[in-house]
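Take a look at the structure set out below.
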Amino acid sequence: MSTPVLVTGGAGYIGSHTVRFLAAQGYKVVVLDNLVFGHRDAIVDEGVELVVGDIGDKELIAGLFDRHGFAAVIHFAAYAYVGESVTNPLKYYRNNTAAPLALLEVMQEKGCKNFVFSSTCATYGVPASIPIVETNPQDPINPYGRSKLMLEWILRDCDAAWGLKTASLRYFNASGSSADGKIGEDHDPETHLIPRVLMAVTGEISHLDVFGTDYPTPDGTCIRDYIHVDDLASAHAAAITHLAAGGSSVACNLGTGVGVSVKEIITAVEEVTGRTVPVKYSPRRAGDPPQLLADPSFAKQTLGWSAKHTDVRDMVSSAWAWMSGPRKGRYES
Ligand code: UDP
C-alpha cells in the first residue's frame, strides 16, 4: 500500500512540483490548500486529492488524519511576500507561525511524528559569511524570515518534548518549472527576478528594473543561488525517506552552491529566448543582501540529496517554456 502524506500548500508553486514528484514515486498524496495563493489547476495527477481548507482548521485536519493515517506531513502553506511582511507583520505571524500550531497539535494527538518544513535562507538575514552553512547565525531582517525561524524553533521544542522528527529545508531562490511545462510559477503579484525578466521579454511589463548596480559584487548587482523547483521537490522526497528511516531532525540548506548575479540572469534570458531584455537601472530594493549563496554539502551528507540543475539556463529555459507555452504562465483557476 502506498504511504499517505499530507501536503499543506500543495497547490502553490513549490508545493505543486513536490506533489507531482511524490505522486510519481507512488505516495498517496492529500493536498490541503485554501487556494488563496494556490491554484486548483496546479494539481494535475489524478490520484492526488485536493482538500480546500485552512491549516488552522483543527477539526478538518483531525478528520483527514482519521481518514488517511498520514505517515508524514510536508508543510508549505505560508505567505511569502517580504515587503508585505514588513507592513503587515501580524498577518505573517498569524499565518506562518501561529496557524501551523493547530496542525502540530493534531499530529501530536494522532501520533504522526514526521514533519518536513519549508523554511528559507531568509532566516539567516544578512549572512555573516559566504557560502552560508547551517551553523551560520540566524538573524532575519524582516518579519517573513522571523515568522519562519520561529516555527523552526517550535519544531525543535516539539522534538525535545514529544519526539517530533523534522526536516527544516532552507530554500534559496526557487526557480524554473516542471520539465513538461504542465505546471509552473504563477504568483500575483509576481516579484521574483526570473519571471519578471521573462515578463519584460514578452512585453507584459515595459522593462525590468535592476535593483541596485553598486553592490560589492563583481558586476555590482546582487548574487543569489537559484535552485530548480524540481530539485526542491526531490529534496522533500529525500527528507521524507530520511525521517521514515528513523533519521534525526535536520535543518538543511537547499541550494546549488553556484552564485548568479542579476546581470547574469538577464544574459541567460537573452540567450534562452533570443530576445533583448529592456532594462532600467534602478536604486537598491530595501532589505536585499548583496550576496546569498548556499553551501549545500550538509543536505548531501544527511539526505543524500544534491541539485541536478546547476546551470541557471536550465531554470530560465523551463520557466520560459511555461511562460511561452499554452497557459502563458497563468493558471485559469
Ligand atoms: N531583482 C531585480 N529586479 C526585479 C526583481 C528582483 O533586480 O524586478 C533582484 C533583487 O533585488 C534580488 C534578486 O533580483 O537581488 C533576486 O530577487 P527575488 O525577488 O527573485 O528573490 P529574493 O532573493 O529577494 O528572495
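Bear in mind that the values in this text are calculations on the coordinates, not laboratory data. No experiment lies behind these values; they were computed from the predicted model shown. Quick reminder, even Gly has a Cβ in these numbers, built from the backbone with ideal geometry, and neighbours come from all protein chains shown.
The calculated P(r) of region 240-281, using every Cα pair and 10 Å bins from 0, goes 20, 28, 17, 17, 16, 1 in percent. Once you divide the Cα radius of gyration of region 57-138 by 2.2 N^0.38 Å, the number left is 1.34.
In region 202-333, the convex hull through the Cα atoms has an average projected area of 10.4 nm², a quarter of its surface area. In the frame of its principal axes, region 14-62 has Cα extents of 29, 22, 17 Å, reported largest first.
Neighbour counts of other C-beta atoms within 10 Å: give me ASP225, ASP311 arranged from fewest to most. Final ranking by Cβ density, sparse to dense: ASP311, ASP225. Size estimate for the chain follows the Kirkwood approach: the inverse of mean 1/r over distinct Cα pairs works out to 20.1 Å. For region 37-176, dividing the convex hull volume of the Cα atoms by the residue count gives 131 Å³ per residue.
Binning all Cα-Cα separations of region 1-114 at 5 Å, short to long from zero, yields these whole-percent fractions: 2, 12, 23, 23, 19, 12, 5, 2, 0, 0. For the chain, the 222 nm mean residue ellipticity estimated from helices alone, with every DSSP H stretch of n ≥ 4 adding -39500 (n - 2.57) and the total spread over all residues, rounds to -11000 deg cm²/dmol. You can think of it this way: the chain between ARG284 and ARG327 has 12.2 nm of extra reach, that is 0.36 nm per residue less the Cα-Cα gap.
For region 3-94, what does the relative contact order come out to in percent, with C-alpha contacts under 8 Å and a separation of six or more? For region 3-94, the relative contact order is 35 percent. Taking trypsin sites (Lys or Arg not before Pro) across region 273-314, the ones in a DSSP loop with at most 11 further Cβ atoms lying within 10 angstrom of their Cβ are LYS308. How large is the direction-averaged shadow of the alpha-carbon convex hull of region 264-331, in nm²? Value for region 264-331: 7.4 nm².
Between ALA233, ALA286, ALA299, the residue with the greatest mean-square fluctuation in the GNM of the chain (Cα pairs under 10 Å linked by springs) is ALA286.
At q = 0.09, 0.11, 0.19 Å⁻¹ the log10 of I(q)/I(0) for region 119-268 amounts to -0.35, -0.52, -1.33, computed by Debye summation with a single uniform scatterer per C-alpha, solvent ignored.
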